[in-house]
Amino acid sequence: MSDHLLINVFNVDAALAVGRAKGLFAAAGMDVDVMVTPNSTDQMRGLGKGSWQIVSTAFDNVLGWSGREGAEIVAIAQVSQGGTLPVYVRPEIKKWDDLRGKALAVDAVDTAYALVLRRVLLAHGLEMDRGDYTLIAKGTTGYRLDSMVQGETFAGVLNAPWDGKAAAAGMVRMTDHREVLPDYPGGVYAVSRRWAAENRELLVKFLRTWSEALHWCQDEKNQAETIRLVGAAEKLDAKAAANRLRQLPKGGKLNLPGLQSVLDLRVLFKLTPSMGEKLTAYYDENFYADASK
């Protein structure tokens, strides 16, 4: 009998897509299902309640939710390299100061890219706590772009593949996160600590199989097939599928300096997570280390 895993994601990484399409998880005795989340709140709350077993998410969501409603949540593997997080504005916004008094679109007001946006704006003399602007929770990138196009909000972080759609809709790119946060990391796989302890063997098996798929994708002779498989599985054109492949990390080992920069950002905005200021409370490298043996 197969072990069933439900993985909740913002988008499906290339290794996960290929591992499923090529039957690698099935061959290892796992039935791996994937669902796409509309927002981080549903995703992290569901992880804590056990509605799904693994999430692919921004590390800041781990910080924001671990211990918040009981469940301790930890990052266990790096699922993507840090992609670019561009800040787009509506066409009538010509300079940063034009955002004063305006509403800006975020996923949730106190997590992840909202904090990146706040940090960028801080570098340009705009402070939320002073009332220079307001944040409106709109959910994932597509919803943020819709809100901006409709004129409800005036700026937001619009990451790929929505950046192309933003430009086509007349939105203007002002900068990206690297101006202020050059080490900001890509997404992570995360689990509830309790579930992981009770299902260690299954989790290690998942990570080992995912890692095999990751290395298969990165082998030059498999790249054309990877792009084809990812495109078919995720209904993406070749360019977007190639971008998913490019986003894969070299391996699943966590980028600890990058994770520290995310925690530092929370502390800066007086949003210290409930498990305290020590990074070690929010990750566990042992599962991936076992999977790599």
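The values are calculated or read from the model by the stated rules, or taken from the named source; none is laboratory data. The structure presented is a predicted model; accordingly, all values stated were derived computationally and were not measured. Using ideal geometry, Cβ is built from the backbone for each residue, glycine included, and neighbour counts are taken over all protein chains shown. Note: areas computed on protein heavy atoms with side chains; ligands, DNA, RNA excluded. Shrake-Rupley method; radii C 1.70, N 1.55, O 1.52, S 1.80 Å.
Quick rundown of the values:
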{"read-out": "Qualifying position, being more than 22 Å from the chain's Cα centre (by Cα) and among the hydrophobic types (A, V, I, L, M, F, W, C), among 109, 149", "value": "149"}
{"read-out": "Residue in segment 66-77 that is open to solvent by 10 Å² or more (accessible area, probe 1.4 Å) and outside any loop (DSSP other than H, G, I, E, B) present", "value": "no"}
{"read-out": "Qualifying position, being open to solvent by less than 30 Å² (accessible area, probe 1.4 Å), free of Cβ contacts under 8 Å to residues at least 40 places away in the same chain and not polar (S, T, N, Q), among 276, 252, 258", "value": "276"}
{"read-out": "Residue under evaluation residue 62, criteria (1) farther than 19 Å from residue 110 by Cβ; (2) open to solvent by less than 10 Å² (accessible area, probe 1.4 Å), criterion not met", "value": "(1)"}
{"read-out": "Which numbered condition residue 205 fails, given (1) open to solvent by 60 Å² or more (accessible area, probe 1.4 Å); (2) of a type in the set (Lys, Arg); (3) out of contact with any helix residue (DSSP H, G or I) (no Cβ under 7 Å at 6 or more places or on another chain)", "value": "(1)"}
{"read-out": "Helices (runs of 4 or more DSSP H) within segment 1-55 that include 2 or more residues without any contact (Cβ under 8 Å) to a residue 24 or more places away in the chain", "value": "40-49"}
{"read-out": "Looking only at segment 96-154, and only at residues there that are in contact with a Ser or Thr (Cβ under 7 Å, 6 or more places away or on another chain) and among the aliphatic types (A, V, I, L, M), the one that is most open to solvent (accessible area, probe 1.4 Å)", "value": "136"}
{"read-out": "Top-ranked residue in segment 117-158 [being modelled with pLDDT under 95 and of a type in the set (Val, Ile, Thr); ranked as nearest to residue 43 (Cα to Cα)]", "value": "140"}
{"read-out": "Every residue from segment 244-271 that is under 23 Å from residue 114 (Cα atoms), of a type outside the set (Ser, Thr, Tyr) and touching a Phe, Trp or Tyr at 6+ places or on another chain (Cβ under 8 Å)", "value": "254, 256, 258, 259, 262, 263"}
{"read-out": "Count - residues of segment 26-44 that are touching a Ser or Thr at 6+ places or on another chain (Cβ under 8 Å), within 30 Å of residue 146 (Cα to Cα) and open to solvent by 40 Å² or more (accessible area, probe 1.4 Å)", "value": "1"}
{"read-out": "Qualifying residue in segment 47-54 (condition: in contact with a Gly (Cβ under 7 Å, 6 or more places away or on another chain) and crowded, with 23+ Cβ neighbours inside 10 Å)", "value": "no"}
{"read-out": "Segment 159-184, residues that are assigned to a loop (DSSP other than H, G, I, E, B), at pLDDT 95 or above and crowded, with 17+ Cβ neighbours inside 10 Å", "value": "171"}
{"read-out": "Those residues of segment 129-144 which are part of a helix (DSSP H, G or I) and farther than 15 Å from residue 87 by Cβ, in sequence order", "value": "129, 130, 142, 143"}
{"read-out": "Conditions (1) touching a helix residue (DSSP H, G or I) at 6+ places or on another chain (Cβ under 8 Å); (2) open to solvent by 60 Å² or more (accessible area, probe 1.4 Å); (3) of a type outside the set (Val, Ile, Thr); (4) over 30 Å from residue 149 (Cβ atoms); number of the one not met by residue 238", "value": "(4)"}
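The rows are residues; the columns are (1) farther than 15 Å from residue 16 by Cα; (2) in contact with a strand residue (DSSP E or B) (Cβ under 9 Å, 6 or more places away or on another chain).
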| position | (1), (2) |
| --- | --- |
| 193 | yes, yes |
| 214 | no, no |
| 217 | no, no |
| 220 | yes, no |
| 228 | no, no |
| 231 | no, no |
| 242 | no, no |
| 247 | no, no |
